[in-house]
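Each remark here refers to the structure printed beneath this line.
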Amino acid sequence: MTVAGEPVRVRLSVNGRAEVGLAEPRTTLAEFLREELGLTGTHVGCEQGVCGACTVVVDGAAVRGCLMFAVQADGRAVETVEGLAAEGGMHPLQRAFWDAQALQCGFCTPGLLMTALVALRERPEWTREALRERLSGNLCRCTGYSTVLDAVLAAGRAGAGDGGDDGSAGAGAPASGEAGPR
Amino acid sequence: MTGTGYVGRAVRRREDPRLLAGRGRYVDDVTEPRQAYVAFVRSPVASARIARIDTSAARSAPDVLAVLTADDLAGHCSGWRGLLSWPGMVAGEQTALATGVVRHVGEPVALVVATGRGPAEDAAELVEVDYEERPAVLDPVAALEPGSPLVHEELGTNLCFASPFGSGDVDAAFAGADTVVDVTVRTGRHTAVALETRGILAAFDRDERTLTVRISTQAPQMLQTLYARLLGLPENSVRVITEHVGGAFGMKAFVYPDEIAVAAAAMLLDRPLKWTQDRYEAMQSDTQARDERVTASLALTADGRILGLRSQVVSDAGAWSMYPRGCVTEGVQVATIMPGPYRVPAVAADLRVVYTNKAPLAVYRAVGHPPAILVMELLMDEAARALGLAPDEVRRRNLVRPEDLPYTSATGNVYDSGSHLESLERAVALLGPDGLEERRRDAAARGRLLGVGLAAFVELSAPGAMFYGAKGAPITAHDQVEVTLQPDGSVTVLLGTPGQGQGLHTTAAQVVADGLGVPLEAVRVVSGDTGVVPHGSGVWASRSAVVSAGAAHAAAVEVRGRVLALAGHLLEADPADLELSEGVVGVRGVPGTRVPVHEIAAVAYWGTHRLPPDLEVGLGAVGSYAGPPYTFNNGTHVAVVEVERATGLVRVVDYVVVEDCGVLINPDIVDGQIRGGVAQGLGGALLEQVVHDPNGQPQTSTMLDYLVPTAYDVPDIRIEHIQTPAPTTTLGTKGVGEAGTAGAPAAVHCAVNDALARAGAGGVFRQPIRPEDVLDALDRAPASR
Ligand code: FES
Ligand code: FES
């Protein structure tokens, strides 16, 4: 009971659009996106910060939506899986996932896509082993991961980190999200 | 088949664009107007009598609509026993909320309904329950001692089921053996950890008296039947909707007490109720598996031929026999699958399934196969060491050969076809044995021991009615698929089975496009709503590529026949001379006569005046599957591991799969099943275990404690297929969904023991193989000092 509190207004940018909604202090960002904004593409697999299904991008960084409170996202730019594709087109990462069959049940997929998006914005070229480590914070119980690695590597080659070549993926992202190769 | 040839092609999955866009519809994604939320009060102790429940504080908490206990549900939801007609099996009566006694940590005791999830969870903490704790039963062997506390006092015993299995003169086999090897193996208690937790959204229409249940399940029609029965509704008034399911792996194939409690509460309260399980609850209340203690011995001749196999299996069933599949399937399969792909003339297995105060044990991907195959392969390696034979050679000498087929195992399983020996030869060739010495030296230079493990196996797939149906559960193999050719030539497929990510819409579309003779793009597949689709038993036991595909093919062929009959009339040709391919009907050998199928379909719907009255015009048909009782796939896995001497850490560095699941409908989808399955098996070998403290408290309550494999843990997997068609199934397919999980624990385990043996150390005989087990084995090795 003590953690409950009066809802407050949260204003933020989601996938490049201004959004506003009510959140209790304890409402997580993932919950806020899902329940308040109706963006159910961000999934919740553990609420313990372990599985990565809830990963979204906040001001260019991959963030666990179950570990950040909605009020902490006030005034920030959030990107979710719903913002990846342009009208009628797939983002190269989505297309690469489709081509490589990098998903089965699809529950982990939004989180993996957003983690991979940030990784590819950091640098388009990854070795398979480095990518393996980078993606190891996102659990998938279905695929065994190797097609996910195939997909992300292919998307990197296709320029998926360039801020969204189908038009909109990078719309909410600041330029700082596009750091060059290390 | 009409030869347009979609079957066998790796077409991209039609399920994926929607899922990739974040527009899947998993249960928690759907919200009903006036929906309220449920939270559960669960037992914090493993065994206790409930002395008192006081719900008054919770009831008066803000936003709370109701607090219900077993007493409140008593007249509204019947209890059940997870009993199948195995001779002598016993099971306690279970209710949706615990009645008087709790038998494992996490058992639901009370249900709180509030206008929001937070308030419901807050109020659940205000429910006061007095538990009179009793000593918990945790060790299934001690549980059989006289005087042990009882999990179910009404049963008078903790023994759920006991039975011998096998045939042949085992005593003579052992008496005449030149060599006998034995192993005692303990496998860890697992749980499925589907990424999407369980959940339900239940709404009751008081005027129509209809219940609509949106639920994350593998078996919607089975739930329709059982919910109707338990909640006292006609079956035509229960609708079960299953859109996307975020993984299930056998764990979502039951009537769960918490889920049906939500449905009952929705009926009582006249409000849509949603419950979304959290991970903490999942770790306490999802079904568990693989908790087996096996002692086995193998009798061989001096030249390495198997004479007989003996085993004692103790299966830790946990507190309940889950409804309706029960808790004995795993143990039965451990006992009966163990001879695997080998010619074992005599088998004597002795199974005991025992109740304890843990979350229920039930089916989980590859049910019983992983421990069975593990034990057999460990025995084969022990035999190889004892006889001075190479591991592949002792297997080669015993594998079922083509001339032995069909082969009936000493436990009564019939292998109708397969490539048991060939798959081993291919796997050994793929591994590239010539490079092994170099890989070994390279690993040694990095402080690591390289080990190679083989697992040759068979997997039972697509079981028919005798598995459960004949034993009293509403589960069979007579699934149905409805195929309708629409007036414009598009095709609607209503699939009786749902999916949990296997790509069943894609494979069904491939089968129908071929069977009917239309382009793949013309086919739309619908599933997951029992108000719409025909009958099905759900998705489990590697069955869809056989059962669902068989039914889809039957329906498609029936519709094709009707189209051709109509076309024969319209074209004034003998239907036998007509062919239908890629949506065009033509007279065989007469190039000029090509009529698009939509022109014929349009007549069947809107131009029936052009047809004689006796011609059947409907272009929709329901096909059903009536195949063999089961079909076995087979294969061989090879794992290569590196064991770090300093830390005992094991890393799988290479993995080869040679799989024979008959005809492939979609090779990429099959490979996906194999890779995911191997990952789960690898998890079982090295990482996964539900751990309890001495009081029965689960210590693995988050995904940080119960480790599932990450991208870092799973190697790339090399897969090769042999396609030996099943002689008895419609398309020659065999199931494959569980094969990866069946073979991997043994291959990885044998590889670790091989690495240890090369360092002069004895093997490890428990799973998961923890670093401490490896270090222990190395420490005890005389050669490593
Ligand atoms: S839901 Fe956030 S990490 Fe699992
Ligand atoms: S696709 Fe199912 S969890 Fe990753």
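The values are calculated or read from the model by the stated rules, or taken from the named source; none is laboratory data. All values derive from a computational prediction rather than experimental measurement. Here the Cβ is made from the backbone with ideal geometry for all residues, glycine too, and neighbour counts use every protein chain on show. When the accessible area is computed, the model is the full protein with side chains, heavy atoms only, and any ligands, DNA or RNA have been set aside. Shrake-Rupley method; radii C 1.70, N 1.55, O 1.52, S 1.80 Å.
Note: region B:668-754, Cα convex hull, 160 Å³ per residue. DSSP beta bridges confined to region A:8-83 are antiparallel in about 90 percent of cases. Taking all protein chains together and rolling a 1.4 Å probe, B:Thr728 ends up with roughly 70 Å² accessible. Rolling a 1.4 angstrom probe over the protein assembly as shown with all protein chains present gives an accessible area of which 50% lies on carbon and sulfur atoms. Placing unit charges on the Cβ atoms only, positive for Lys and Arg and negative for Asp and Glu, gives the protein assembly as shown a dipole magnitude near 600 debye about its Cα centre. Dimensions of region B:190-329 along the principal axes, based on C-alpha atoms and rounded to the nearest Å, stand at 76, 31, 27, largest first.
For region A:61-106, the Kirkwood hydrodynamic radius from C-alpha pairs, put into Stokes-Einstein at 10 °C and a viscosity of 1.306 mPa s, yields a diffusion coefficient of 123 µm² per second. Full extension of the chain segment joining B:Glu128 with B:Arg446 gains 108.7 nm, where the gain is 0.36 nm per residue of separation less the Cα-Cα distance. With 0.36 nm allotted per residue and the present C-alpha distance subtracted, the B:His569-B:Ser85 stretch has 168.9 nm of extension available. For the protein assembly as shown, the antiparallel share of DSSP beta bridges with both residues in that region comes to about 80%. Between chain B and chain A, the total buried accessible area stands at approximately 4300 Å², from heavy atoms with a 1.4 Å probe.
Spherically averaged projected area of the convex hull of Cα atoms, region A:92-162: 3.8 nm². Once backbone amide H atoms are built at 1.01 Å from N, B:Ala98 has B:Val109 as its partners under 5 Å, excluding neighbours fewer than 5 places away on the same chain. Once all protein chains are placed together, B:His190 keeps about 10 Å² accessible to a 1.4 angstrom probe. Computed over protein heavy atoms with a 1.4 angstrom probe, the accessible surface ordering of B:Ser78, B:Ser527, B:Ser423, largest first, is B:Ser78, B:Ser527, B:Ser423. Solvent-accessible surface of protein heavy atoms, probed at 1.4 angstrom with all chains present, puts B:Tyr323, B:Tyr256 in the order B:Tyr323, B:Tyr256, largest first.
The Rg/Rh ratio of region B:483-542, with both radii computed over alpha carbons and Rh defined as the Kirkwood radius, is 0.97. Taking every protein chain into account, the accessible area of region A:92-162 amounts to 26 square angstrom per residue (probe 1.4 Å). The alpha carbon centroids of region B:173-194 and region B:305-324 are separated by 11 Å.
All C-alpha to C-alpha distances of the protein assembly as shown, sorted into 20 Å bins beginning at zero, yield P(r) values of 14, 44, 35, 7, 0 percent in whole numbers. For region B:7-43, heavy-atom accessible area (probe 1.4 Å) falls by no less than 30 Å² from the chain alone to the full protein assembly at B:Arg12, B:Arg13, B:Asp16, B:Pro17, B:Leu19, B:Leu20, B:Ala21, B:Gly22, B:Tyr26, B:Asp28, B:Asp29. Each principal axis of the Cα atoms in region B:576-693 has its own extent, and those three values, largest first, are 83, 41, 26 angstrom.
Per residue, the solvent-accessible area of chain B (1.4 Å probe, heavy atoms of protein chains only, all protein chains present) comes to 33 Å². Using only the Cα atoms of chain A, each taken as one equal point scatterer with no solvent, compute I(q) by the Debye sum, divide by I(0), and report log10 of the ratio at q = 0.08, 0.09, 0.10, 0.11 Å⁻¹. Results for chain A at q = 0.08, 0.09, 0.10, 0.11 Å⁻¹ read -0.23, -0.29, -0.36, -0.44.
The Cα trace of region A:8-83 gives Rg and Dmax of 10.7, 29 Å, the first to one decimal, the second as a whole number. The alpha-carbon positions of region B:181-259 define a convex hull whose volume is 130 Å³ per residue. Computed from the Kirkwood radius of its Cα pairs, the Stokes-Einstein diffusion coefficient for region A:1-43 at 4 °C and 1.567 mPa s stands at 119 µm²/s. Over chain B, what portion of Cα pair distances is larger than 52 Å, expressed as a whole percent? Tail fraction, whole percent: 16. With every protein chain in place and a 1.4 angstrom probe, the accessible-area ranking of B:Glu154, A:Glu6, B:Glu259, largest first, reads A:Glu6, B:Glu154, B:Glu259. Inverting the pair-averaged 1/r between distinct Cα atoms of region B:385-505 gives 19.8 Å as its Kirkwood hydrodynamic radius. Beta bridges per DSSP, both residues in region B:643-785: antiparallel share near 40 percent. Rounded to the nearest 20, the Cβ-based charge dipole of region A:8-83 about its Cα centre (Lys and Arg +1, Asp and Glu -1) stands at 100 debye.
The ellipsoid that matches the Cα gyration tensor of region B:133-247 has semi-axes, each √(5λ) in whole angstrom, of 45, 22, 17, with the longest given first. Across peptide A:131-142, the mean count of Cβ atoms from other chains lying within 10 Å of each residue's own Cβ comes to 6. For the segment B:188-200, counting C-beta atoms of other chains within 10 Å of every residue's C-beta and taking the mean gives 3.
Convex hull volume of the C-alpha atoms in region B:47-155, normalised per residue: 130 Å³.
In the calculated pair distance distribution of region B:413-482, what percentage of Cα-Cα distances lie above 14 Å?
74 percent
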